[in-house]
Structures are given as C-alpha cells and as structure tokens.
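K.L.:
Following this message is one structure expressed as structure tokens.
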Amino acid sequence: KSIVDLANAVAFVDIRDGLAVEMESTGTPGPKPTLCIAADVVRAAADRVVRLRTDYPGESVVVLAHTNAHAKKVHCELLKREVHSVSNSSANDREIRPIHPSQRDAVECCTIHGKKGGEADHVVLVSAHDRGDYMEELYGCESKRLLYTAVTRARRTLWMASSKAGQQVVCRWLKGCEALL
C-alpha cells in the first residue's frame, strides 16, 4: 500500500488529467519508501543491498539506475563485497538480458528501462534524480515516467538514493511526497 500510494502521488497530475489510471492498493501498509541523500550513492546502495540480503534472505533484490554506468558501478561494488550480483545492462539501455537459472538468487543491477514489466521484492533505486534540462521539456516528463516505473517495480520495499553532487538533484516529482517517505 505504501508503494502504491507513492506511485499514485508521482502520477497525480496525469491521473487528474485523465492520462493515467489511479492504482488501487489491496494490501496492508508496509514499510514506507525511503529516500536517502548520500554523498556516494553507489556505496549507499551497496550498503542497502547488503542489509536487505541479511534482513530478507531468499527474497529478490534489484538495483535500478538511470544509466548503465550507475548500474555497473553498483554491480562492481557488490562484487567487491562478495555479494552475488549480475549486471543486465548493455550498450543499449533498453535491452533486457535474461537471467540464467544459476543467477536467480543474485542481486540484479540494471537500468530502469531494462526492468520494465518486471518486479522484485525489494528495489534499490540509485540516483533518484531529475534531468530537469531542455530534453525533459521536449520529450515530456521522462524523469517522472522513469520514477513511476522504478517505484512500481517494488513488491515489498523501495529505497531510493540521491546525491546533490554535480548535476544530480532530488527528483522534483518527489517534492510534495514527503509524508509518503
């Protein structure tokens, strides 16, 4: 329910304007989604994955990122920590590589585009940022759609990391959602 409430809040304007359908929650409220502001989102995400694997053994964990570069960095950090993980990213952000049976217990690291249509018990979103540039204006609210996609991949918990370093800023689509985080 907590994740569905956040997804509806992110899509509120589209729902209000009839461009999206409000999702109904049938479950009981679970843990609230979490937004973490971190100086190093890669290390923060890896820390969270390690914690999830300890607290929820046997449950699926996926790391989602806006870019292949972020997904691969988290994948490498997890390997350094001896966490079994696979990187499904490729040169084409939208390509999905299948998970082989021997990799089913692995933490999956991929782009948000690469996980469309899939779910996991626990989602760690790396760099919940908003491009906020002219491309965003030309092509509509792509960062909003990506945030919505990332949020709706989680079945049980959602944890998002953002950094204020460089060009990254917390996604504007999370503003006004503070009560849900």
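K.L.:
Can S89 be described as in a loop (DSSP other than H, G, I, E, B), modelled with pLDDT under 75 and either buried (at least 17 other Cβ atoms within 10 Å of the Cβ) or on the phi > 0 side of the Ramachandran plot (or both)?
P.N.:
Spelling it out, S89 is indeed in a loop (DSSP other than H, G, I, E, B), modelled with pLDDT under 75 and either buried (at least 17 other Cβ atoms within 10 Å of the Cβ) or on the phi > 0 side of the Ramachandran plot (or both).
K.L.:
Among the residues of the range 52-66, what is the count of those that are assigned to a loop (DSSP other than H, G, I, E, B) and surrounded by fewer than 22 Cβ atoms within 10 Å (Cβ to Cβ)?
P.N.:
Number of matching residues: 5.
K.L.:
Same structure, new question: Determine which member of the set A69, A9, A39 is assigned to a helix (DSSP H, G or I), out of contact with any strand residue (DSSP E or B) (no Cβ under 9 Å at 6 or more places or on another chain), under 18 Å from S127 (Cα atoms) and open to solvent by 20 Å² or more (accessible area, probe 1.4 Å).
P.N.:
The conditions single out A69.
K.L.:
Looking at the range 151-163, I want the residues that are open to solvent by 10 Å² or more (accessible area, probe 1.4 Å) and have a partner that is in a strand (DSSP E or B) and acidic (D, E) with Cβ atoms under 7 Å, at least 6 apart or on another chain. Which pairs are those?
P.N.:
Close Cβ pairs (under 7 Å, with a partner that is in a strand (DSSP E or B) and acidic (D, E)) amount to R155/D121; R156/D121.
K.L.:
Please determine whether any residue of the range 12-28 is open to solvent by less than 20 Å² (accessible area, probe 1.4 Å) and either assigned to a helix (DSSP H, G or I) or touching a helix residue (DSSP H, G or I) at 6+ places or on another chain (Cβ under 6 Å) (or both).
P.N.:
Checking the range 12-28: not a single residue is open to solvent by less than 20 Å² (accessible area, probe 1.4 Å) and either assigned to a helix (DSSP H, G or I) or touching a helix residue (DSSP H, G or I) at 6+ places or on another chain (Cβ under 6 Å) (or both).
K.L.:
Checking the conditions here, which among T111, T157 is at pLDDT 90 or above, within 28 Å of G30 (Cβ to Cβ) and of a type in the set (S, T, N, Q)?
P.N.:
Answer to the check: T157.
K.L.:
Exactly one of these conditions fails for R48: (1) out of contact with any Lys or Arg (no Cβ under 9 Å at 6 or more places or on another chain); (2) surrounded by fewer than 16 Cβ atoms within 10 Å (Cβ to Cβ). Give me its number.
P.N.:
Looking at each condition in turn, R48 falls short on (2).
The values are calculated or read from the model by the stated rules, or taken from the named source; none is laboratory data. Just so it is clear, the structure is predicted and the values come from calculations on it, not from any experiment. Every residue, glycine as well, gets a Cβ built from its backbone with ideal geometry; the counts of neighbours run over all protein chains shown. These area figures cover heavy atoms from the full protein model, side chains too; ligands, DNA and RNA do not enter into them. Shrake-Rupley method; radii C 1.70, N 1.55, O 1.52, S 1.80 Å.
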